[in-house]
Amino acid sequence: MVVLFVHGMGRTPISATPMLWRLRRHGHSVDVVGYFTGTETFVEIVKRVSLKIQEVAEKGEYVLIGHSLGGVMLRAALQNMPQSVKLPKHLFLLGSPVTPARLAQKSQHELGFQLVSGDCGQLLASPTRLSKINMPEVPTTAIVGTRSFPLTKKYFLDEENDGVVSVNECAHQDIHEVIKVAVVHTFLPSSRKVSRVILDKINSIQSNLLA
């Protein structure tokens, strides 16, 4: 199976090194898309993600993994994918918001946040822009963290959260499966628990293909 990973805002593909290593060790081919929100717009990055998906789709059956903003980009890319392109067998969203992220909304007018997050940060805070990104018609698993940060806990009150987004912000009626793990947002891509969920799902997909 070919696996394409897109990292979250403020991170790099290196953030998923443990997970990608585990996937390779189990015989899967991995690829990544890197970006920097401080200099690229959301649309510009999504165009590159779309091209990479098309490239990966030509190699055979594949799955997509997106952490946080990376998951939003994957959904946006799939939404406008040419019909001739084979869709992924599965989409994994790791702590990826489908509704406006309250921390982004809180910070959207702060200069530091604007410089680092750019247009992408504004998108994460915008109900209008996020509502235009639909859930793709592919099997989707949302893996969401439940270990909060002390510094941000006050913004979530009693809601389950991973310190950056709440479980509710990552939930959607068209997501087929929501799995909670006791992991903070930053470490979702490197978590052994998350890797195991993904590997088990990929093994199930491959078994069904061979049946």
Review point. Looking at (1) modelled with pLDDT of 90 or more; (2) in contact with a helix residue (DSSP H, G or I) (Cβ under 8 Å, 6 or more places away or on another chain), which is the one condition that is false for Phe113?
Key: (1)
Exercise for review: Starting from the stretch 124-152, keep only residues that are within 22 Å of Ser190 (Cα to Cα), then list their pairs with residues that are among the polar types (S, T, N, Q) and open to solvent by less than 20 Å² (accessible area, probe 1.4 Å) whose Cβ atoms are within a distance under 6 Å, requiring at least 6 positions of separation or different chains.
Suggested key: Ser148/Asn161
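Quick test for you: out of Ala101, Ala77, pick the one residue that is in contact (Cβ under 8 Å) with a residue 40 or more places away in the chain and open to solvent by less than 10 Å² (accessible area, probe 1.4 Å).
Of the residues listed, the single one that is in contact (Cβ under 8 Å) with a residue 40 or more places away in the chain and open to solvent by less than 10 Å² (accessible area, probe 1.4 Å) is Ala101.
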Review point. What number of residues within the stretch 26-56 are more than 21 Å from Gly8 (Cβ to Cβ) and touching a Pro at 6+ places or on another chain (Cβ under 8 Å)?
Key: 1
**Study point:** Checking Phe149 against (1) under 23 Å from Val43 (Cα atoms); (2) assigned to a loop (DSSP other than H, G, I, E, B), the condition it does not meet
**Key:** (1)
Exercise for review: Identify, from the list Val3, Val46, Val30, the residue that is touching a His at 6+ places or on another chain (Cβ under 7 Å) and either open to solvent by 30 Å² or more (accessible area, probe 1.4 Å) or in contact (Cβ under 8 Å) with a residue 24 or more places away in the chain (or both).
Suggested key: Val3
Exercise for review: Filter the stretch 153-202 down to residues that are among the polar types (S, T, N, Q), surrounded by fewer than 17 Cβ atoms within 10 Å (Cβ to Cβ) and in contact (Cβ under 8 Å) with a residue 60 or more places away in the chain, then give me how many there are.
Suggested key: 1
Point to revise | Any chance Lys59 is surrounded by fewer than 19 Cβ atoms within 10 Å (Cβ to Cβ) and in contact with a helix residue (DSSP H, G or I) (Cβ under 9 Å, 6 or more places away or on another chain) | key: no
Study note, to complete from the structure: If we ask which residues in the stretch 22-50 are within 25 Å of Val194 (Cβ to Cβ) and out of contact with any helix residue (DSSP H, G or I) (no Cβ under 8 Å at 6 or more places or on another chain), their number turns out to be 6
Practice item. Given the conditions (1) out of contact with any Leu (no Cβ under 7 Å at 6 or more places or on another chain); (2) open to solvent by 10 Å² or more (accessible area, probe 1.4 Å); (3) not small (Gly, Ala, Ser), report the number of the one that Val144 does not fulfil. Key: (2)
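Of the residues in the stretch 8-25, how many are surrounded by 14 or more Cβ atoms within 10 Å (Cβ to Cβ) and assigned to a loop (DSSP other than H, G, I, E, B)?
4
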Practice item. Report yes if some residue within the stretch 131-139 is modelled with pLDDT of 95 or more and hydroxyl-bearing (Ser, Thr, Tyr); otherwise report no. Key: no
**Study point:** Residues of the stretch 162-211 satisfying the condition of being in a helix (DSSP H, G or I), of a type outside the set (Val, Ile, Thr), within 14 Å of Ser96 (Cβ to Cβ) and touching a helix residue (DSSP H, G or I) at 6+ places or on another chain (Cβ under 9 Å)
**Key:** Glu169, Cys170
**Study point:** Lone qualifier among Phe36, Phe5 - being part of a strand (DSSP E or B), among the aromatic types (Phe, Trp, Tyr), out of contact with any Lys or Arg (no Cβ under 8 Å at 6 or more places or on another chain) and farther than 18 Å from Asn80 by Cα
**Key:** Phe5
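The values are calculated or read from the model by the stated rules, or taken from the named source; none is laboratory data. Keep in mind that this is a model prediction, so the values were computed, not measured. Please note: Cβ atoms are built from the backbone with ideal geometry, for glycine as well, and neighbour counts cover all protein chains shown. Just so you know, the surface numbers come from the protein's heavy atoms only, side chains and all, with ligands and any DNA or RNA stripped out. Shrake-Rupley method; radii C 1.70, N 1.55, O 1.52, S 1.80 Å.
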